[in-house]
Amino acid sequence: MNDTIVEARNLIKHYKDLNALDNVNLSLSANRIYGLLGRNGAGKTTLMSVLTAQAFATSGEALVFGANAYENDAVLSRICFIRESQKYPDDFQPRHAFRSAALFYKNWDQGLADRLAADFQLPVKRRIKKLSRGQLSAVGVIIGLASRAELTFFDEPYLGLDAVARQLFYDRLVEDYAEHPRTIILSSHLIDEVANLLEHVVVIDRGRIIMDADAEEIRGSAVTVSGSAEKVDAFLAGRKILHRETLGSLASVTVDESLGSRERAEAQELGLELSPVSLQQLVVRKTMAGAGGAGHTAGTGDFSDDTLEARR
Amino acid sequence: MIDDSKPIFMQIAELIENGIVDGSMAEESQVPSTNEFAAFHRINPATAAKGVNVLVDSGILYKRRGIGMFVATGARSQLVARRTEEFFEQYVKPLALEARKLGISAEQLNTMIERSSGLVPEPGTDKERSAAL
């Protein structure tokens, strides 16, 4: 089950003076749901484009199913990439898009596509140009699920989908994945919504991977300690601080470490309150710490100023 | 139901344990499949499987090939024994700590515990349940 199906080595992608990918090393295993998280412009879409052979890397190597994907039909037919703003031919209706997908993907399940279209209340005979933003996203979600490709990328597939439709997407994803395991890469800003679906999390920030760990390892890997500022600071002395907030004499400090049961007991005796940090909070804290905001985490602080400027 | 305080697989294992301890999952009855757990809690199926496997490894659940997972005979007493040990650390210690902070004497504390057990229906052997309430 742990076969590597994607292997990226030293991937670099420059756009003029911008390092969209700055030496990315990544390997993805078969039959897992990955979360690819990061801010806008962090490099998520660029990474997925390079892995799916829709963009060229400036240097480095990306192997998918052990081969280079460029113009390689044997590899490409096993990959499905649902982009945030997928373009379709002008006169296409959703059913035409589904028919094209059915020709391309050998695992295509028309029954599933029909059921999903009904679930999302998608007008399959209306021209795609006339669809609402949410309906357009639904077309992508349906193709992504019904293609059952061994490697499926969803790049923020939820634009314009309301909360009900997004929940429908997550539910159908879990159900279908359970029956037909495959590798799914879900890129999302709505981290809280997808956190429990993910088995592994990759966080990218300014072209670099700053976190690459199993979701269950991350859960509980950070903790927020709050109470009197003096006691909090004394208790946390020497630890990796991700974020610090104060209110009068009270402080709330997030550390990038877990606490053992003895330390927890100690905190309790000091009257300090411990609270868990959600994946979303952790990603926010880590990317802010890397951007030179609060805290000093290693690894991401050495960006040159002009790169930062270019980002803004 | 699922929160961020600890790994999800542990929470799944605890949910099943709770069901066994409170009797809603009887011994030798079948437990839901990992895919059913995944769909119900909206979690990754691999995570649900990990939670179930924790209980298989400790002999709480057992696998019947081709049929599914079942609660082992003796699972409840095994869980109650373990939880009774954890009960002191988890409930009694913090209780004593908070009581000391508030200046509540041991005697007053005892009176309170007696009064509270009057509020709870006869709990039988599961001490941890009456304490949790």
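The values are calculated or read from the model by the stated rules, or taken from the named source; none is laboratory data. Just so we're clear, the structure is a prediction, and the values are computed from it rather than from any experiment. Here Cβ is always computed from backbone atoms with ideal geometry, including for glycine, and neighbour counts include all displayed protein chains. For accessibility, only protein heavy atoms count, side chains too; no ligands or nucleic acids. Shrake-Rupley method; radii C 1.70, N 1.55, O 1.52, S 1.80 Å.
Details
- Within a straight-line Cα-Cα reach of under 19 Å, A:Lys16 can be paired with the following lysines, leaving aside sequence neighbours fewer than 8 residues apart in one chain: A:Lys44.
- Where GluC sites (Glu not before Pro) in DSSP loops with at most 15 other Cβ within 10 Å are excluded, longest remaining stretch of chain A: A:85-256
- Buried accessible surface for the B/A pair, both sides summed and rounded to the nearest 100, is 1700 Å² with a 1.4 Å probe.
- Over 19 Å apart at the Cα level, from the set A:Lys87/A:Lys130; A:Lys240/B:Lys101; A:Lys87/A:Lys125, are A:Lys240/B:Lys101.
- Peptides B:91-97, B:15-21 ranked from most to least packed, by the mean per-residue count of other Cβ atoms within 10 Å: B:15-21, B:91-97.
- In the range A:4-214, the portion of solvent-accessible area held by carbon and sulfur atoms comes to 47 percent [1.4 Å probe, whole percent, DNA, RNA and ligands not counted].
- Here the convex hull built on the C-alpha positions of the range A:179-281 has a volume of 134 cubic angstrom per residue.
- Projecting label points 7 angstrom from Cα along Cα→Cβ for B:Tyr62 and A:Ser261 puts them 2.9 nm apart.
- For the protein assembly as shown, a Kirkwood radius taken over Cα pairs fed into Stokes-Einstein (10 °C, viscosity 1.306 mPa s) yields D = 64 µm²/s.
- With the simple spin-label model, which puts each label point 7 Å out from Cα in the Cβ direction, the B:Asn18 to B:Leu109 separation comes to 2.6 nm.
- For trypsin sites (Lys or Arg not before Pro), the sites in the range B:1-109 that DSSP calls loop and that have at most 10 other Cβ atoms within 10 Å are B:Arg65.
- Threshold 20 Å², the range B:83-103 residues less accessible with all protein chains present than alone (1.4 Å probe): B:Pro94, B:Leu97, B:Lys101
- Label positions at A:Arg244 and A:Asp17, each projected 7 Å from the Cα along the C-beta direction, are separated by 3.5 nm.
- Restricting the range A:1-66 to chymotrypsin sites (Phe, Trp or Tyr not before Pro) that sit in a DSSP loop and have at most 13 other Cβ atoms within 10 Å of their own Cβ leaves A:Phe56.
- Residues with amide H under 5 Å from that of A:Asp212, placed H, sequence gap 5 or more: A:Val203
- The calculated Kirkwood hydrodynamic radius for the range A:18-72 is 12.3 Å, given to one decimal from all distinct C-alpha pairs.
- In the range A:4-83, the trypsin sites (Lys or Arg not before Pro) that fall in loop regions by DSSP, at most 14 other Cβ within 10 Å: A:Lys16
- For chain B, the solvent-accessible area of protein heavy atoms averages 61 Å² per residue (probe radius 1.4 Å; ligands and nucleic acids excluded).
- FRET efficiency estimate (nearest 0.05) - Cβ-Cβ, A:Lys125 to B:Glu27, R0 56 angstrom: 0.50
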